[in-house]
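First the structure, in the form of structure tokens, and then the observations on it.
Readers should treat all values here as calculations from the given coordinates under stated rules, not as data from a laboratory. Keep in mind the model is a prediction, meaning the values are calculated, not measured. Reconstructed Cβ throughout: ideal geometry from the backbone, glycine too, with neighbour counts over all protein chains shown.
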Amino acid sequence: GGNITLTATEDGGDDDHLTVNAQVSTAGAGGGILLNGGTDIDVNARVVAQVDDVQADPNGLAGNVSLVAGRSIIIDAQVGATASDVDQGGNIEMTAMTGDIDVNAPITTPSSSVVEGGNITLTAAGEITIDAQVTTSALEQVDVIDPPDRTEVDIPNSNTSGNIVFDAGTDITISDSGEEFDVDGNTITGKAGGKVTFGADVIVRSATGSIV
């Protein structure tokens, strides 16, 4: 699939900010999304690179999503890199070069089969604030036979999850997302120049037991 690149150059004008108010998505195998903001990036609509088994990439990879901001990143709508019957979900990387990352909507890299989810890496010179679910867990389809009408549902399979890294120059704050697991992946790594704070009822799940 083809790639999508949106850029707002830093020239001192009002157009330095990159604001996403309509969905940005790729639907073909391996199609990635790159957002470059001269100052801030504000995501108000879904940004999703997705691929299904019909469009499976010969290298077995879904597209990646990358956000690079000269200052801060605000996520107010889902950012995802998802796959079904390919070998690995896409990766998501966000870099706020001089400011913060504020996550108010889910960041997800699951597949819908028992295959690897992609990695999620958030890097900020300032603070990282997580107020929504961040997950790399693959979704395993299982049969439900009770009630008698048989149906299939997808459940998280953390054994095929990607890794999650939060790297903040100052603080990391994680609040309850309302989901069963607020941060869910293979290994979970947090690096903070300041303090790390977990809100009430926050659950962080690692498939390997590695939470650093």
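What's the extension gain from Thr19 to Leu34 if we count 0.36 nm per residue and subtract their Cα-Cα distance?
In short, 4.1 nm is gained.
How far is it, in nm, from the label point at Ala27 to the one at Phe198 when both lie 7 Å from their Cα along the line to the Cβ?
Placing both labels 7 Å along Cα→Cβ, they lie 4.1 nm apart.
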